[in-house]
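Structure first, then comments.
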Amino acid sequence: MSERLLTVENLQVSFSTYAGEVHAVRGVSFHLDLGETLVIVGESGCGKSVSMQTVMRILPMPPANVKDGSIFYKGEDIRAKTDKEMEQYRGKEFSMIFQD
């Protein structure tokens, strides 16, 4: 039986702009088990980077706003962690390769 490392359910992220609210991520869900590799692919502007930046908690809030969803890493609620607590995860437990 595999160990569940990451669970993202119904992630919804929007941005406040001068023109109003922009919905960048609408209901994304996925999971990652121990030993698996996760690759997120899609068209430009479909929410790949925003989704992953939200999971890693590196997206500036505001202007970003997590409207709904849950993010659990090794059973712990990432959304409830402080910025200081998140520093122990970034680069050690998970990382992101930016396309540019």
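Listed values, structure above:
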{"item": "Residue selected from region 28-41 under the condition farther than 18 Å from Glu3 by Cα and at pLDDT below 90, by the criterion most open to solvent (accessible area, probe 1.4 Å)", "result": "Val41"}
{"item": "Filtered residues of region 67-100 (kept if touching a Ser or Thr at 6+ places or on another chain (Cβ under 6 Å) and among the hydrophobic types (A, V, I, L, M, F, W, C))", "result": "Phe72"}
{"item": "Subset tally (residues that are on the phi < 0 side of the Ramachandran plot and open to solvent by 60 Å² or more (accessible area, probe 1.4 Å)) for region 78-91", "result": "9"}
{"item": "The lone exception for His23 - which of (1) assigned to a strand (DSSP E or B); (2) under 13 Å from Thr7 (Cβ atoms); (3) open to solvent by 80 Å² or more (accessible area, probe 1.4 Å) it fails", "result": "(2)"}
{"item": "Check on Val55, β-branched (Val, Ile, Thr) and in contact with a Ser or Thr (Cβ under 6 Å, 6 or more places away or on another chain)", "result": "no"}
{"item": "Per-region count, region 61-77, residues more than 18 Å from Asp33 (Cβ to Cβ) and open to solvent by less than 80 Å² (accessible area, probe 1.4 Å)", "result": "7"}
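Yes or no, residue by residue, for (1) small (Gly, Ala, Ser); (2) out of contact with any helix residue (DSSP H, G or I) (no Cβ under 7 Å at 6 or more places or on another chain); (3) touching a residue at least 24 places away in the same chain (Cβ under 8 Å):
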position: Met56; (1), (2), (3): no, yes, yes
position: Pro63; (1), (2), (3): no, yes, yes
position: Asp68; (1), (2), (3): no, yes, yes
position: Ile71; (1), (2), (3): no, no, yes
position: Ala80; (1), (2), (3): yes, yes, no
position: Asp83; (1), (2), (3): no, yes, yes
position: Gln88; (1), (2), (3): no, yes, no
position: Glu93; (1), (2), (3): no, yes, no
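The values are calculated or read from the model by the stated rules, or taken from the named source; none is laboratory data. Since we're looking at a predicted model, the values are computed, not measured. Here Cβ is always computed from backbone atoms with ideal geometry, including for glycine, and neighbour counts include all displayed protein chains. SASA here: full protein model, heavy atoms, side chains in, ligands and nucleic acids out. Shrake-Rupley method; radii C 1.70, N 1.55, O 1.52, S 1.80 Å.
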